[in-house]
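Quick notes on the structure that follows.
What follows is calculated from the coordinates using simple rules that are stated; it is not laboratory data. Computed from a predicted structure; not experimentally measured. Neighbour counts run over all protein chains shown; Cβ positions are idealised from the backbone, glycine included.
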Amino acid sequence: MEVLFTRYEGNAWEEYFLPRLSFKEVQEMDKENALIVLPIGAVEQHGSHLPLMTDSLIGEASITKTMEYLTPDSNIWLIPPLSYGKSNEHLDFPGTISLSSANLQGVIIDIARSLSRSGFRRLVLFNSHGGNIDLLNMVAREIHIETEMMVFITSSGSADKSDIFTEEELKWGIHGGDVETSMIMAVKPSWVREEYLTAEFPPLKEFDYLSLKGKVRIAWKINDLSKSGIAGNATKATPKKGEIVFIRSAEEMAIALKEMAEFEIEQLLED
């Protein structure tokens, strides 16, 4: 019989995808030590060379690769990715789809409430869009206070990359540059328009303190920083770099997820 749909393949989807189970299987499973992973991305412009789906694709590919490194007894479960994020800093570029801060917060909290009602105690917010970070830090605390769930925040591609990319890229290449372009080349090369690869860095190098993620952060939208819609040097991107980032990050994240699954916050202040 012809296979009509192939998206949900690999261990992440065949073994660790929670919604493939029936309610009875979820009811009977060990939820005391289970860890739920919620990928959160974005649909937004990434210059003329990358797809709008860049962040969400990176997140989905990252968690898929990570779960290849889990052991068979891992009680770690993936739920459907939330592809839309807070992307209003990119709304002046066509195709960007953004949730407001209030709506994104509400959706994540509703998901957490549902999981808590089902008996789950641990939730990972697995983020792949920089514009979500501040909101996720706040939402995670709100969920913990309301439900007493243990909530963790982490990011895809978070392994050390200092031996792969230049110092300039790692500091200023925050959007659509060498890193993200290399990662998309590694997983979906047909979605990269190589004829439009470009380089543009935010004009902030002359300042001692003002930065995008350093000592003094400034509020910005991408139009303030870039004419092309990117920040970084996409012309240096290669699939090999992206493959290294995915594999290195997956190996590291698999270990981190195991630590999250075994963590009990009550133990922190035990005598």
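Direction-averaged shadow area of the convex hull around the Cα atoms of the chain, nm²? Before the final figure, lay out the partial values.
Values: hull surface 68.8 nm².
Directional mean of the projected Cα hull area for the chain stands at 17.2 nm².
With the Cα gyration tensor of the range 89-241 giving a ≥ b ≥ c as the square roots of its eigenvalues, does the rule (a/c under 1.5 for rounded; else a/b larger than b/c for prolate; else oblate) give rounded, prolate or oblate? Working shown, then result.
Numbers: a/c = 1.95, a/b = 1.68, b/c = 1.16.
Judged from the Cα gyration tensor, the range 89-241 comes out prolate (a/c at least 1.5, a/b above b/c).
Suppose the chain between Trp13 and Asn223 were pulled fully straight at 0.36 nm per residue; how much longer would it get relative to their current alpha carbon spacing? Please list the in-between numbers first.
On the way: separation 210, 0.36 × 210 = 75.60 nm, distance 3.79 nm.
The Trp13-Asn223 span can extend by a further 71.8 nm.
Sorting check: for 145-157, 98-110, 177-189, which peptide has the highest mean count of neighbouring beta carbons within 10 Å, and how do the rest follow? Intermediate results must be reported in sequence, preceding the final value.
Numbers: 145-157: 18.0, 98-110: 15.5, 177-189: 23.6.
Peptide ranking by packing, descending: 177-189, 145-157, 98-110.
After finding the eigenvalues of the alpha carbon gyration tensor for the range 210-251, what semi-axes result from the square roots of 5 times each, listed largest first in whole Å?
Numbers: eigenvalues 148, 53, 12 Å².
The equivalent ellipsoid of the range 210-251 has semi-axes of 27, 16, 8 Å.
Which whole-percent values make up P(r) of the range 59-153 when all C-alpha to C-alpha distances are grouped in 5 Å steps starting at zero?
Using 5 Å bins, I get a P(r) of 2, 12, 22, 22, 19, 14, 6, 3, 1, 0 for the range 59-153.
Rounded to the nearest 20 debye, what is the charge dipole size of the range 43-98 about its Cα centre when +1 sits on each Lys and Arg Cβ and -1 on each Asp and Glu Cβ? The partial results should precede the final answer.
Working: 2 positive and 7 negative charges, 8 e Å.
The dipole magnitude comes to about 40 debye.
Which value, in debye to the nearest 20, describes the size of the charge dipole of the chain about its Cα centre when Lys and Arg Cβ atoms bear +1, Asp and Glu Cβ atoms bear -1, and nothing else is charged?
Working: 26 positive and 42 negative charges, 147 e Å.
In debye, rounded to 20, the chain gives about 700.
With both partners inside the chain, how many of the DSSP beta bridges are antiparallel, as a percent to the nearest 5?
On the way: 5 of 24 bridges.
Percent antiparallel among DSSP bridges in the chain is about 20.
Give me the tail of P(r) for the range 163-225 as a percent: Cα-Cα pairs with distance above 20 Å.
Values: 710 of 1953 pairs.
It works out to 36 percent of all Cα pairs.
Convert 10 °C to kelvin, take the viscosity as 1.306 mPa s, use the Kirkwood radius over C-alpha pairs of the range 152-256 as Rh, and evaluate the Stokes-Einstein diffusion coefficient in µm²/s, rounded to a whole number. If you can, show how the numbers build up before the last one.
Values: Rh = 14.7 Å.
Answer, rounded: 108 µm²/s.
What is the chain's relative contact order, in percent, from Cα pairs under 8 angstrom and six or more apart in sequence?
Details: 475 pairs, mean separation 63.1, N = 271.
So the answer I get is 23 percent.
Count the DSSP beta bridges whose two residues both fall in the range 1-138, then state the antiparallel fraction as a percent rounded to the nearest 5.
On the way: 2 of 13 bridges.
Percent antiparallel among DSSP bridges in the range 1-138 is about 15.
Gaussian network model of the chain, Cα springs within a sub-10 Å range: biggest mean-square fluctuation belongs to which of Trp13, Trp191, Trp220?
Trp220
Pop a pseudo-label 7 angstrom from the Cα along the beta-carbon direction at both Arg141 and Glu28 and give the gap in nm to one decimal.
4.2
Could you tally the net charge around His90, taking each other residue with its Cβ under 9 Å from the Cβ of His90, Lys/Arg +1 and Asp/Glu -1? Numbers along the way, then the final one.
Values: positive: Lys221; negative: Glu44, Glu89, Asp92.
Cβ neighbours under 9 Å give a net charge of -2.
What net charge is computed for the residues neighbouring Ile36, neighbours being all others with C-beta under 12 Å from the C-beta of Ile36, Lys and Arg scored +1, Asp and Glu -1?
On the way: positive: Lys31, Arg121, Arg122; negative: none.
Here the charged neighbours net out to +3.
Sort 256-263, 83-90 for me by packing, meaning the mean count of neighbouring Cβ atoms within 10 Å per residue, highest on top. Write out the running numbers ahead of the final one.
On the way: 256-263: 16.0, 83-90: 21.0.
Order by mean packing, descending: 83-90, 256-263.
Return the calculated 222 nm mean residue ellipticity for the chain, to the nearest 500 deg cm²/dmol, obtained by summing -39500 (n - 2.57) across DSSP H runs with n ≥ 4 and dividing by the residue count. Write out the running numbers ahead of the final one.
Values: 9 runs with 99 residues, N = 271.
One gets -11000 deg cm²/dmol as the mean residue ellipticity at 222 nm.
In a Gaussian network model over the chain where Cα atoms closer than 10 Å are linked, find which of Leu212, Leu115, Leu123 has the largest mean-square fluctuation.
Taking springs between Cα atoms under 10 Å, the residue moving most is Leu212.
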